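The values are calculated or read from the model by the stated rules, or taken from the named source; none is laboratory data. Values in this document were obtained by computation on a predicted structure and should not be read as measured data. Note: ideal-geometry Cβ built from the backbone for every residue, glycine included; neighbour counts use all protein chains shown. Only protein heavy atoms, including side chains, enter the accessible area calculation; ligands, DNA and RNA are left aside. Shrake-Rupley method; radii C 1.70, N 1.55, O 1.52, S 1.80 Å.
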Amino acid sequence: MEQPPRPKLFDFHGVSMTKYFTDNWDNVQNFKARPDDILIATYPKAGTTWVSYILDLLYFGQMSPERQDSIPVCERVPFMELHVPGLRSGVDELKKIPTSPRLIKTHLQVQFVPKSFWEQNCKIVYVARNAKDSVVSFFHFDRMNLLQPEPGDWNSFLQRFMEGKMVFGSWCDHVKGWWEKKQTKSNILYLFYEDLIEDTERELGRLCSFLGLSPTAEEREQIRRKVLFDNMKKNKMANCSTDEGYDFNISPFMRKGKVGDWRNHFTVAQSEQFDEDYEKKMRNADLQFRTVL
Ligand code: A3P
């Protein structure tokens with residue numbers, strides 16, 4: 001397929017978006033969630049694929065080993081609002097999923113989540129990652145993902161990130177919106193990428209208790225090993241190498257998988273400017289992130 005031009009960013013009900021995530025809006029909003037559906041919600045680059053793979057292994061790792069060898073994670077966990085004509089539609093893929101529960105990926109800001117997820121009280125796993133590593137990861141992703149807007153150079157990308165002019169909007173609004181929602185909803189588990197890096201086993205335990213799963217110690221250990229960065233990077237079904245639109249000559253999808261890589265990108269001046277802006281926007285939020293471990 002000939003590569004279409006990169007999409008333009010536009011304001012959509014106060015949030016920056018591209019047509020690939022708004023063109024199927026009515027079908028997304030009218031999506032009929034089932035009570036056992038599990039939504040994996042993140043701001044882009046927070047470890048969505050990592051957590052998707054963990055959940056898939058928890059639910060289906062023992063049941064269907066052939067699934068692990070033949071279906072890429074991005075197909076096992078459809079991206080609900082993604083709609084690229086002639087290529088992929090998350091809603092259509094979800095309708096065809098034969099297994100249950102369905103694991104569903106979304107990057108939507110909390111106010112855009114289809115109402116059926118709340119009506120059905122579906123379990124939702126939200127993953128957040130510190131802003132500085134998120135913007136670095138996002139920059140490299142937008143360089144290699146030809147279905148994303150042109151990233152421009154690093155400094156202009158960083159300025160746009162601070163202004164919230166990224167696909168799926170402002171990082172601050174995203175993490176704060178979901179955090180506030182979690183205060184009143186027991187069906188949301190709020191995880192941090194940094195915690196997953198620090199102690200994957202502990203976070204696996206949190207996930208299992210939230211989901212009501214009790215894998216054996218051996219199964220847990222198997223999962224822990226399979227989802228290590230280096231193992232996922234080698235695994236064609238988990239490293240997104242089959243995804244369309246990615247140019248791996250520019251950057252790999254499984255890039256570094258670290259906390260603190262921002263220090264290799266931010267100048268001192270950029271870091272100070274970022275911190276000042278962050279402080280203003282996050283002042284009233286009772287939400288703490290770690291930018292180093
Ligand atoms: P980096 O670009 O910093 O390396 P998403 O899936 O939300 O797009 O997030 C992608 C980010 O998660 C990338 O970050 C990727 O390397 C990282 N990642 C994916 N799998 C990981 C794993 N098993 N361990 C640590 N980081 C992982």
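Toward the positive end of the charge dipole of the range 67-155, with +1 on the Cβ of Lys and Arg and -1 on the Cβ of Asp and Glu, the farthest Cα among Thr106, Ser137, Trp154 is that of Thr106.
The phi-based Karplus calculation (6.51 cos²θ - 1.76 cosθ + 1.60; θ = phi - 60°) puts the 3J(HN,Hα) values of the range 95-109 at 5, 9, 5, x, 9, 9, x, 7, 9, 10, 9, 8, 10, 5, 5 Hz, whole numbers, x for Gly and Pro.
Specify whether the C-alpha gyration tensor of the chain places it in the rounded, prolate or oblate class, a ≥ b ≥ c being the square roots of the eigenvalues: rounded for a/c under 1.5, otherwise prolate if a/b is larger than b/c and oblate if not. Note, shape of the chain comes out rounded.
Close amide-amide hydrogen proximity is noted between Ala33 and Ser116, Phe117, each under 5 Å apart and 5 or more residues distant or on a separate chain (H modeled in the peptide plane; Pro and chain starts excluded). Considering only Trp262, Leu191, Leu204, the residue lying farthest towards the positive end of the dipole of the range 145-293 is Leu204, judged by Cα position with unit charges set on Cβ. Solvent-accessible surface (1.4 Å probe) assigned to Arg160 amounts to roughly 60 Å². On a per residue basis, the range 10-282 carries 43 Å² of accessible surface, using protein heavy atoms and a 1.4 Å probe. Of all DSSP bridge pairs formed entirely within the chain, close to 30 percent run antiparallel. Structural descriptor for the range 10-282: relative contact order 25 percent, calculated from alpha carbon pairs under 8 angstrom and at least 6 residues apart. Counting only residues at least eight positions apart within a chain, or on another chain, the lysines with an alpha carbon under 23 Å from that of Lys234 are Lys45, Lys105, Lys226, Lys256, Lys258. Shape class for the range 124-272, computed from the alpha carbon gyration tensor (a ≥ b ≥ c): oblate, with a/c not under 1.5 and a/b at or below b/c.
When both the range 61-101 and the range 38-52 are represented by their alpha-carbon centers, they are found 14 Å apart.
Roughly how many percent of the accessible protein surface of the chain is carbon and sulfur, given a 1.4 Å probe and a whole-percent answer? Write down the numbers at each step before the final one.
Working: 6570 of 13520 Å².
Percent of accessible area from carbon and sulfur atoms in the chain: 49.
For Lys123, the residues whose modelled amide H falls within less than 5 Å of its own, excluding neighbours fewer than 5 places apart on the same chain, are Leu39.
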